[in-house]
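Right, one structure below, let's go through it.
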Amino acid sequence: MAAPAFAQGALDDLINAPRRGTWDDQFDAQVSRTAVTTVSNTPILSPQSVPNIQTAIAQYQQIVSAGGWPEVQAQPGRLRLGVVDPSVQALRQRLMIVGDLRREAGISSSFDSYVDGAVKRFQARHGLPADGVLGEYTIKALNVSADVRLQQLKTNLIRLQTFPVELGRRHVMVNIPATYI
């Protein structure tokens, strides 16, 4: 009987630890394990590229007309799973606007598994290591304005539309963002 009592005591110590964060705020451990739904962050030229960018442009035009998204004010490396901080509210809003975080997750100061999964999705979509931690580059990517993102999409649409439809039998494709030839 000593082993179960010891195990329960260790669990109680973990639950009552002062630095553990607030896990009772919409916590769901399964979300962060299955959160990265981006199949690939490797940009690929395909027949669907132009329609996909046109769809994204329409979405970002709506975001810009609604006022964009809030800037995330956070120290690099500070926000991670389990942390409770007021800046998580702006992060949640930012992630909800672009669809990385479902609105049902709510607005709170808790960096729970829902936010962790959404940050990982955002990181994967932007070619960043999907670790769920808001490092320097993730914060910089989050804080690029909606208007700038919209202009980037429009520029890429023009590039794709001027690209030849048929490349011929022999060609070399260099994908600089993905560092792939």
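A compact table of results
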item	result
Whichever residue in region 90-134 is crowded, with 20+ Cβ neighbours inside 10 Å and polar (S, T, N, Q) and, among such residues, is nearest to W69 (Cα to Cα)	Q123
Any chance L134 is in contact (Cβ under 8 Å) with a residue 60 or more places away in the chain and assigned to a helix (DSSP H, G or I)	no
Residues within region 136-181 that are under 26 Å from G77 (Cα atoms) and not charged (D, E, K, R), tallied	12
Counted residues, region 137-167 - those being outside any helix (DSSP H, G or I) and among the hydrophobic types (A, V, I, L, M, F, W, C)	4
Residue in region 168-177 that is farthest from A66 (Cα to Cα), counting only those that are in a loop (DSSP other than H, G, I, E, B) and in contact (Cβ under 8 Å) with a residue 60 or more places away in the chain	M173
Selection status of G99, over 19 Å from the mean Cα position of the chain (by Cα), under 19 Å from S145 (Cα atoms) and not in a helix (DSSP H, G or I)	no
K154, sole failed condition from (1) under 22 Å from G68 (Cβ atoms); (2) surrounded by 17 or more Cβ atoms within 10 Å (Cβ to Cβ); (3) touching a residue at least 24 places away in the same chain (Cβ under 8 Å)	(2)
Count of residues meeting criterion [over 17 Å from T138 (Cα atoms) and either in contact with a His (Cβ under 6 Å, 6 or more places away or on another chain) or in contact (Cβ under 8 Å) with a residue 40 or more places away in the chain (or both)] in region 84-108	4
Test: residue in region 67-80 that is more than 19 Å from Y137 (Cα to Cα), assigned to a loop (DSSP other than H, G, I, E, B) and among the basic types (K, R)	no
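Residue-by-condition table, conditions (1) of a type in the set (A, V, I, L, M); (2) touching a His at 6+ places or on another chain (Cβ under 9 Å); (3) modelled with pLDDT of 85 or more:
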{"residue": "G117", "(1), (2), (3)": "no, no, yes"}
{"residue": "K120", "(1), (2), (3)": "no, no, yes"}
{"residue": "A124", "(1), (2), (3)": "yes, no, yes"}
{"residue": "A141", "(1), (2), (3)": "yes, yes, yes"}
{"residue": "K154", "(1), (2), (3)": "no, no, yes"}
{"residue": "L160", "(1), (2), (3)": "yes, no, yes"}
{"residue": "F163", "(1), (2), (3)": "no, no, no"}
{"residue": "G168", "(1), (2), (3)": "no, no, no"}
{"residue": "H171", "(1), (2), (3)": "no, no, no"}
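The values are calculated or read from the model by the stated rules, or taken from the named source; none is laboratory data. A quick note: this is a predicted structure, and the numbers were derived from the prediction, not measured. We place every Cβ from the backbone using ideal geometry, glycine too, and count neighbours over all the protein chains shown.
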